[in-house]
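Contents: one structure, followed by commentary.
The values are calculated or read from the model by the stated rules, or taken from the named source; none is laboratory data. The shown structure was predicted, so the numbers you read here are calculated from the model rather than taken from an experiment. Methodologically, a virtual Cβ is constructed for each residue, glycine included, from the backbone with ideal geometry; neighbour enumeration extends over all protein chains shown. What goes into the accessible areas is simple: the full protein's heavy atoms, side chains included, and nothing from ligands, DNA or RNA. Shrake-Rupley method; radii C 1.70, N 1.55, O 1.52, S 1.80 Å.
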Amino acid sequence: MNCYRLASLLILAGGAALAQVPAAAQANASQQAPAPPAAIKSFDLTAIDKSADPCTDFYQYACGNWMKNNPIPADQVTWVRSFSLLRERNRYLLWQELDAAANAPKSPLQKQYGDFYAACMNTDVIEQKGLKPLETALRQIDALKDARRLGSLTGELEAEGSSVTLFYFDVEQDEKDSSRQIAAIGQSGLSLPDRDYYIVDSKHFQEIRKQYLEHMTRMFTLAGDAPDQAAKEAASVLEIETALAQASTSRTDMRQPENRYHIYTVTDFEKLAPEFDFNVYFKAVKVGHFDTLNVATPNFFKAVNELISKQPVEAWRSYFRWHTLHNAAPNLPKAYFDEDFAFFGKTLTGQNEPTPRWRQCTLMTDRALGEAVGQDWVKRNFPPAAKESMDKLVAALEKSLGDDIQTLPWMSDATKKAAEEKLAMIRNKIGYPEKWRDYTALRVERDDLLGNLHRSEAFEDQWNLDHLGKPVDEKEWGMTPPTVNAYYNDNLNDINFPAGILQPPFFDFTIDPAVNFGGIGVVIGHEMTHGFDDQGSKYDGKGNLREWQTPEDRKAFSERTECVANEYSGFEAAPAHGDVPAQKLNGHLTLGENTADNGGLRIAYMALLDTLAAEGKSIQEKIDGYTEAQRYFLGFAQVWCQNQTEESARQRALTDPHSPGRWRVNGSVRNFDEFGKAFGCAKGQPMVPVSSCRVW
Ligand SMILES: [Zn+2]
């Protein structure tokens, strides 16, 4: 699945592209058993900085002491009180399963994922094999003598799972008829995190490009090329990637579905890039027959065509050779691993030390065999009672959003009715899939990590392509059970909460409702609101791209979302540093997430009021010196306490549709009057501005 379809995650996944994220240390220390993580407090009084004024900077008040006392661990770039700590816990529990399965499997399923994990941990074998696992791919690339044969080369590499991604090709629901699963193709092919890294002409990015060239040169040298040749190859790769970046649509523009929906006949599509033999490519990747497809980015393919005519075939060999080495680097011998980490880890994200091997291998196994590993994991970690409580919470939030829609001052009755209809059609998926995926056909070998990864990639691609023309299976999941995250899917109109996030500090049976509503309640409200943000609101209840607002309501809606976009564009993601200027947030890139945060905070609060009223309790009742209203806002804020490296903050400001913790908190409370009332703030104070923004 390409990255524009699951755009509504609660938080950026731990590594959007595994290959770009530094992997584990290839050292012996990695063989030590990890220590069990500490319990996570759902509500943490010691996190609060009482020297700060909640009405001036609520994030500092709720999180100040936590930030001071919890520096970023050397092997991390972002350290979030809720997400990071819970991820550590879930990963540790998963590691226990994997380690046991690797040593003494009790079922064929356990043998499969145990072997996958064991192969990943065996760094001696990785060292011995050197580049041998890439031999076939490198030989195929060397054999390219004519750039017009790129279609067959790309298709063959993809079918083998070596994922050299000049573009993406997959099967997706049709945006305008979500009951159909159609072929789709679009831009990709870059190694750096965003097109800006190639095309922005600032000192900062010039320096990064220089270091990127040096890094590529060293990687080619490691792979056996003479230094002169290596430098030449690196220059070719940068030239091709820069041209691809120039032809790429920005992330912000890609958020809008109409910008990535262009149905072409195969014949017309092939005319966009006659130099690339798509006919041969489609055969090679073993996709079924289709006559039309969605071309997300037509101009990108025109540019690919031009590049094929313009670039000599040696340059293309360099490009494919680079991507093959780069994708595999975290799982090649130590020399490659270290070189990859030095640039993609340290330079780009500010990570000081590599992630321990056990943690990286746990993540890789979860990605490859998530619904196999997850079966045993949920038995131990997700009791049926948790699901029942979640069902109740979701119902409470649905009611609140319905009430909220009814009271919106700017919306006509006709649009309110349509919004209600969409809300009623949202499906809830909680915990784990009703039926698990079958991995029997995936061959896993205990001494062949890269082979396993390639076979897994090919297996996933084939699984996706086999959806072509079939009915949609709404029970499929886009996340594995131990994942600490949640998402809304526009085309399925469903909200999804993996078992991994339904744990403290988000979800805690033992704590007062205010804290639970500030935690998981806001998460549920956030995902529901995605169905009605600037992107999600363009789809109807069936998941079809279709306008259901009246023109006047759409106009009023857009004015309100623009208010949010402008507000967040004023927030700073990273301060000025030497001659590198301050980095502001991109209010349009983050608009959907900010809208979802604002809506989630409001409707979860309403649901809390209803729940307390039903129990005959008051929002003014105090626990630990804070009223339930204050505990709600503090519980919400403490989800987002975080420390982050400056490098990572800058990278995410360009690539992440989510705002950083400080602005997720302060941005949301500024727009919600109940916050000011709860903390006795005066209108005009920074957290209670005279004019604020509201969509939902
Ligand atoms: Zn989201």
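Nearest 5 is fine: what % of DSSP beta bridges in the chain come out antiparallel, could you say? Once the DSSP bridges in the chain are tallied, antiparallel ones form about 70 percent. For LYS677, go through the lysines and keep the ones whose alpha-carbon is under 20 Å away, minus same-chain ones fewer than eight residues off. The reachable lysines, counting only those whose Cα sits under 20 Å from LYS677, are LYS50, LYS617, LYS622.
In the chain, helical runs assigned H by DSSP with n ≥ 4 each contribute -39500 (n - 2.57); averaged across all residues and rounded to the nearest 500, the mean residue ellipticity at 222 nm is -15500 deg cm²/dmol. By the compact-protein rule of thumb, 2.2 N^0.38 Å, the alpha-carbon radius of gyration of the range 240-374 corresponds to a ratio of 1.35.
Heavy atoms of the protein chains alone define the surface here; on that basis the chain has 38 Å² accessible area per residue at 1.4 Å probe size.
Any idea which of MET219, PRO71, TYR487 is furthest toward the positive side of the dipole for the chain, if Lys and Arg beta-carbons carry +1 and Asp and Glu beta-carbons -1? It is PRO71, whose Cα lies furthest towards the positive end.
In a DSSP loop and with at most 15 other Cβ atoms within 10 Å, the GluC sites (Glu not before Pro) in the range 607-696 are GLU615, GLU621. Identify the GluC sites (Glu not before Pro) of the range 464-535 meeting these criteria: DSSP loop state and at most 10 other C-beta atoms within 10 Å of the C-beta. Hits after loop and neighbour filter: nothing returned. Name the residues of the range 475-501 whose amide N is less than 15 Å from a point 7 angstrom out from the Cα of LYS542 along the C-beta direction? Under cut-off, by backbone N: 491-493.
Please report how far the C-alpha centroid of the range 228-246 lies from that of the range 393-465, rounded to the nearest whole angstrom. Using only Cα atoms to place each centre, the spacing works out to 39 Å.
The angle between the Cα long axis of helix 58-69 and the main principal axis of the chain comes to about 60°, on a 0 to 90 degree scale. Between 0 and 90 degrees, rounded to the nearest ten: what's the tilt of helix 628-639 against the longest Cα principal axis of the chain? Between helix and principal axis, roughly 10 degrees. Carbon-plus-sulfur fraction of the accessible area of the chain, 1.4 Å probe, in percent? Ligands and nucleic acids excluded, carbon and sulfur reach 51 percent. Phi angles of the range 498-513 translate, via the Karplus equation with coefficients 6.51, -1.76, 1.60 and θ = phi - 60°, into HN-Hα couplings of x, 3, x, 8, 8, 9, x, x, 6, 9, 9, 4, 8, 10, 5, x Hz per residue; Gly and Pro are given as x. Computed about its Cα centre, the charge dipole of the range 263-370 is approximately 280 debye, with only Lys, Arg, Asp and Glu carrying charge at their Cβ. Tell me the label-point distance for the pair ALA104, ALA39, using the 7 Å Cα-to-Cβ offset, in nm and rounded to one decimal. Calculated label separation equals 2.9 nm. Here the Karplus relation 6.51 cos²θ - 1.76 cosθ + 1.60, evaluated at θ = phi - 60°, turns the backbone of the range 570-578 into coupling constants of x, 7, 9, 8, 8, x, 4, 9, x Hz, with x for every Gly and Pro.
About its Cα centre, the dipole of the chain is roughly 600 debye, where the only charges are +1 on Lys and Arg Cβ and -1 on Asp and Glu Cβ. Mean sequence separation of contacting Cα pairs (under 8 Å, at least six apart), scaled by the length of the chain, corresponds to a relative contact order of 23 percent.
Between the listed residues THR265, TRP477, MET364, the Cα displaced farthest toward the positive end of the dipole of the chain, a dipole computed from Cβ unit charges relative to the Cα centre, is found at MET364. Between helix 108-121 and the chain there is an angle of about 70 degrees, using the helix long axis and the longest principal axis of the Cα atoms.
Pair-distance distribution P(r) for the chain, from all Cα-Cα distances in 20 Å bins starting at 0: 17, 52, 28, 2 percent. Where the centroid of each part is defined by its Cα atoms, how far is the range 252-271 from the range 68-83 in Å? For the range 252-271 versus the range 68-83, the Cα centre distance is 40 Å. Placing unit charges on the Cβ atoms only, positive for Lys and Arg and negative for Asp and Glu, gives the range 351-506 a dipole magnitude near 360 debye about its Cα centre.
For the range 213-224, 3J(HN,Hα) computed residue by residue from phi via the Karplus equation (6.51, -1.76, 1.60; θ = phi - 60°) reads 4, 5, 5, 4, 4, 5, 5, 5, 5, 4, 7, x Hz, glycine and proline entered as x. Projecting the Cα atoms of HIS326, GLN256, ASN516 onto the charge dipole of the chain (Cβ charges, centred on the Cα centre) puts ASN516 farthest toward the positive pole.
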